[in-house]
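Visitor: Pasting a structure below so you can have a look.
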Amino acid sequence: MAQPAYVIDQLISAKAIAARIEALAGDIETAFAGTDKLIVVGLLRGSFVFIADLVRELDLPVEVDFLEASSYGDGTESTREVRIMKDLRGKIEGRDVLVVEDIVDTGHTLTHVIGLLRSRQPRRLETIALLDKPSRREVDIKATWTGFEIPDAFVVGYGIDYAQRNRNLPYIGTVRFLDEA
Ligand code: IMP
C-alpha cells in the first residue's frame, strides 16, 4: 500500500546525539566499573545505529547481542501485543546486561523484554533508551538512562523508521504528513 506523503523536520541534530552519547557512555562506565563483561543487548531493528555508536564510546569489556521484538508493523500505532521474533544468541545468567532501546513510547516493549530477561537471572540488568516519549506511556516504566525526552510526535532517523524507511538519516526528525497541514 502506498504511504501518505510526508516531510521530515529535524528535531535532534547528529552533533547533539553524539555529544549526548558520549555523556551517557561515561555514566554507564561508572555504573558498570569493574565488570568482567558487559553484554549489550540491542533491540532490533531501531537501535542498530545507536548501539553501534554507544559501544564505541564504552571503555569496558563488551559483548554485543540482539533481540527482536515486534512493535508497530508498518503503521504509526503500537500494536501493544509484544512478540519475540528473534531471541538472544548467548546466555545472560549471572552476567551484567545493558538493554539498548531506540524509543520508549507506550512502554509495552521494554516492559516485556525486561520481564523476559530478568527471568533468566542476570547479575545486573539496566536499560538505556535514546528517546523517551513520557506523555505516551501506558505502563509505568522508565529506562535507567535516557538520551532525550521528546514530545508526542512520530520520529524517524538514526536507525528509526517509518514503514522501514528513513533509518539512514544521520539525525532524528519528526514526520509531518502533508494532508494534515
Ligand atoms: P512501545 O512498546 O510503545 O514503547 O514502543 C516501542 C517501539 O515502538 C520502539 O522501539 C520503536 O520501534 C517503535 N516506535 C515508537 N515510537 C516511534 C516513533 O516515533 N517512530 C518510529 N518507531 C517508533
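Visitor: Show ILE103, ILE172 ordered by accessible area, largest first, where the area counts protein heavy atoms only and the probe is 1.4 Å.
Guide: Details: ILE103 30, ILE172 0 Å².
Final ranking, largest accessible area leading: ILE103, ILE172.
Visitor: Any idea what angle helix 14-31 forms with the longest principal axis of the chain, computed on alpha-carbon atoms, 0 to 90 degrees, nearest 10?
Guide: The answer is roughly 20 degrees.
Visitor: Can you give me the accessible area per residue for the chain, using a 1.4 Å probe, in Å²?
Guide: On the way: 9210 Å² over 181 residues.
With all protein chains present, the chain gives 51 Å² per residue.
Visitor: Return the Rg/Rh value of the chain, two decimal places, where both radii are evaluated on C-alpha atoms and Rh is the Kirkwood radius.
Guide: On the way: Rg = 16.2 Å, Rh = 16.8 Å.
Here Rg/Rh amounts to 0.96.
Visitor: Here's another thing I want to ask about it. Which value at 222 nm does the chain reach when only helices count, each DSSP H run of 4 or more adding -39,500 (n - 2.57), with the total divided by all residues and rounded to the nearest 500 deg cm²/dmol?
Guide: On the way: 3 runs with 39 residues, N = 181.
About -7000 deg cm²/dmol.
Visitor: Which value, in debye to the nearest 20, describes the size of the charge dipole of the chain about its Cα centre when Lys and Arg Cβ atoms bear +1, Asp and Glu Cβ atoms bear -1, and nothing else is charged?
Guide: Details: 22 positive and 29 negative charges, 81 e Å.
That gives a dipole near 380 debye.
Visitor: If you don't mind, another one. For labels at ASP87 and ALA19 in the simple 7 Å Cα→Cβ model, what's the distance in nm?
Guide: A separation of 4.3 nm, rounded to one decimal place.
Visitor: Select from LEU43, LEU131, LEU88 the residue whose mean-square fluctuation is largest in a Gaussian network model of the chain (Cα-Cα springs shorter than 10 Å).
Guide: Residue with maximal mean-square fluctuation among LEU43, LEU131, LEU88: LEU88.
Visitor: Shape verdict for the range 1-68, please, from the Cα gyration tensor: rounded (a/c under 1.5), prolate (a/b greater than b/c) or oblate. Could the numbers behind the result be given before it?
Guide: Numbers: a/c = 4.32, a/b = 1.73, b/c = 2.49.
Oblate, because a/c is 1.5 or more while a/b does not exceed b/c.
Visitor: Run through the DSSP bridge list for the chain and note the antiparallel percent, rounded to the nearest 5. Kindly include the intermediate steps, with their values, before the conclusion.
Guide: Details: 12 of 36 bridges.
DSSP beta bridges in the chain are roughly 35 percent antiparallel.
Visitor: Rounding to the nearest 10 and keeping the result within 0 to 90°, find how far the Cα-based axis of helix 48-57 lies from the longest principal axis of the chain.
Guide: Once rounded, one gets 40 degrees.
Visitor: Using θ = phi - 60° and the Karplus form 6.51 cos²θ - 1.76 cosθ + 1.60, what ³J(HN,Hα) does each residue of the range 149-165 get, whole Hz, x for Gly and Pro?
Guide: 8, 10, x, 6, 9, 8, 10, 9, x, 6, x, 9, 10, 10, 6, 6, 9
Visitor: Considering only protein heavy atoms, with the full assembly of protein chains and a 1.4 angstrom probe, order LYS133, LYS91, LYS37 by accessible area, largest first.
Guide: Values: LYS133 10, LYS91 175, LYS37 50 Å².
Result, largest first: LYS91, LYS37, LYS133.
Visitor: In addition: Quick one: go through the range 1-45 and flag any residue whose amide nitrogen is under 15 Å from the point 7 Å out along the Cα-to-Cβ line of SER70.
Guide: 45
Visitor: Going by alpha carbons, how many degrees (0 to 90, nearest 10) lie between the helix axis of 108-118 and the longest principal axis of the chain?
Guide: 10
The values are calculated or read from the model by the stated rules, or taken from the named source; none is laboratory data. What you see is a predicted model; the values in this text were computed from it and never measured. Reconstructed Cβ throughout: ideal geometry from the backbone, glycine too, with neighbour counts over all protein chains shown. Just the protein is used for accessible areas: all its heavy atoms, side chains included, with ligands, DNA and RNA removed. Shrake-Rupley method; radii C 1.70, N 1.55, O 1.52, S 1.80 Å.
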